[in-house]
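Peer 1: Structure provided below as structure tokens; questions to follow.
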Amino acid sequence: MHTLVLIVVLALVSAAVVGIGDRVRLPWPALMVVVGALVALVPGLSVDINPDLILPVFLPPLLYSAAQRTSWQVMRRRWKSLVWLAVGLVVVTVAAASATALAIIPGITVAAAIALGAPPDPVAVESVAGSVPIPRRVLMTLQSEGLFNDAASLVVFQLALSAALAGDQPDLGAMATGFLVGAVIAVAVGWVCAWLVRRGTDLIDSPMARSSAILALPFLAYLVAEHLGASGVIAVVVAGLQMRSSQDPARSGDRLTQDALWGVLETCITGVAFGLIGLEIRQIALDVGPTIGRLFLDGLVVALVLVAVRAGWFLLMWASVHRGGVADDAPRSGRDVVVMTWGGMRGLATLALALSLPTTLSDGTAFPARDAILVVAIAVLFVTLLLAGLTLPT
């Protein structure tokens, strides 16, 4: 009962924070970071978060909702920039983050360091757009990047985590092969799940019942793909894109209902998650003790490296525009480079990944530097969501 009351209160607080953000024209995910920190200061509150449930509960609805804001047509039109961002930038970011973590965090393994290369958050980007006049072309690039970087980065994270749990150093060749095989299976799972749900909803007359069936789709795609050893994240994204492309234009009421439903879910899930994470932060601070200040500074270093890598990558894209190497949605000016760099906000996915790290390895020993990774992830979120979200150039 204590946990249920806490979740209800956090949901109400989330609604209030969104309203406050609209009035003061500030992004509500950034404000939720502040709320999460305040929750951590409330004495007597506690909740036990099972790491195994964090990704399956929080990520599927958020990723599916983000996928509903784009389409296969947009992906085909933007394929050049998506390759640059969802493949090139992810690889460079993971390499930079892991190398920096290995250099400054004692005891961290290579696989655990790779887990720090968390993706930008499309939900955070979407909310910031409501308070900052970002050009639509730039906004769509950031949204698409966040969605597909989520998929690529989370697959890399899961492969690295598997290696860490086994106590092995990651085999890059095996990781690449696993990524390709898992991606193919996940695409098939996402397409099949979307087809089955679409055929099923065509037989249902009630709009509410159809929306209820679609609500279960992201969880279905995620769980089936994970059971088959594939990427649940990619399966959810494909399912969302496929459902979007197969919508019946005659059922405009369904689309409005579902858009409202996913908007409500995004707000509630993000708010509750940040509140629960705030409680976890307090426990982390108690476990880490006096070294938390140094670890937070290490996290600031990692965040600055991520920002620098991102800025350099967009400068390369800007330079390539003049040679026809990237699609038209690449940066066209120095201002675009600044906005796209500062708009790469890490959000809920960053902390969800860090919190999903198990407390022990397969042999029962403690997961290496888990508390340090959590503190670093919090520092990265502080810079890229709170600081960037409140100071995004206009």
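Peer 1: If Ile49 meets every condition in (1) out of contact with any Pro (no Cβ under 8 Å at 6 or more places or on another chain); (2) surrounded by fewer than 23 Cβ atoms within 10 Å (Cβ to Cβ); (3) at pLDDT 70 or above apart from one, which number is that one?
Peer 2: Only one criterion in (1) out of contact with any Pro (no Cβ under 8 Å at 6 or more places or on another chain); (2) surrounded by fewer than 23 Cβ atoms within 10 Å (Cβ to Cβ); (3) at pLDDT 70 or above is unmet by Ile49, namely (3).
Peer 1: Tell me yes or no: at least one residue of the range 218-228 is part of a loop (DSSP other than H, G, I, E, B) and under 21 Å from Phe179 (Cα atoms).
Peer 2: First, the residues of the range 218-228 that are part of a loop (DSSP other than H, G, I, E, B): 228.
With under 21 Å from Phe179 (Cα atoms) added as a condition, the list becomes 228.
For the range 218-228, residues part of a loop (DSSP other than H, G, I, E, B) and under 21 Å from Phe179 (Cα atoms): present.
Peer 1: Given the conditions (1) open to solvent by less than 40 Å² (accessible area, probe 1.4 Å); (2) at pLDDT 85 or above, which single one is not true for Leu223?
Peer 2: Only one criterion in (1) open to solvent by less than 40 Å² (accessible area, probe 1.4 Å); (2) at pLDDT 85 or above is unmet by Leu223, namely (1).
Peer 1: Evaluate the range 301-313: report whether one residue or more is modelled with pLDDT under 75, of a type in the set (A, V, I, L, M, F, W, C) and surrounded by fewer than 22 Cβ atoms within 10 Å (Cβ to Cβ). Can you show your working first?
Peer 2: At the first step, the residues of the range 301-313 found to be modelled with pLDDT under 75 are none.
No, that holds for no residue.
Peer 1: Among residues belonging to the range 15-27 that are at pLDDT 80 or above and closer than 14 Å to Glu266 by Cα, point out the one that is surrounded by the fewest Cβ atoms within 10 Å (Cβ to Cβ).
Peer 2: Ala15
Peer 1: Identify the residue in the range 72-131 that is modelled with pLDDT of 65 or more, assigned to a helix (DSSP H, G or I) and among the charged types (D, E, K, R) and, among all such residues, is farthest from Val264 (Cα to Cα).
Peer 2: Once the filter is applied, the top-ranked residue is Lys80.
Peer 1: Limited to the range 317-347, what total is found for residues that are modelled with pLDDT under 65 and under 21 Å from Met75 (Cβ atoms)?
Peer 2: Count: 6.
Peer 1: Scanning for something of a type in the set (A, V, I, L, M, F, W, C), closer than 30 Å to Leu6 by Cβ, open to solvent by 30 Å² or more (accessible area, probe 1.4 Å) and modelled with pLDDT of 75 or more, does the range 231-247 turn up at least one residue? Explain how you work it out, then say what you get.
Peer 2: So the first thing to find is which residues in the range 231-247 are of a type in the set (A, V, I, L, M, F, W, C), and the list is 233-239, 241, 243.
The next check asks that each one be closer than 30 Å to Leu6 by Cβ; those that pass are 233, 236.
Now drop any that are not open to solvent by 30 Å² or more (accessible area, probe 1.4 Å), which leaves none.
So far as the range 231-247 goes, no, none of its residues is of a type in the set (A, V, I, L, M, F, W, C), closer than 30 Å to Leu6 by Cβ, open to solvent by 30 Å² or more (accessible area, probe 1.4 Å) and modelled with pLDDT of 75 or more.
The values are calculated or read from the model by the stated rules, or taken from the named source; none is laboratory data. In this text the structure is predicted, and so the values were computed from the model without any measurement. Ideal geometry is used to build each Cβ from the backbone, glycine not excepted, and the neighbour counts take in all protein chains shown. The area values use the complete protein model at the heavy-atom level, side chains included, leaving out ligands, DNA and RNA. Shrake-Rupley method; radii C 1.70, N 1.55, O 1.52, S 1.80 Å.
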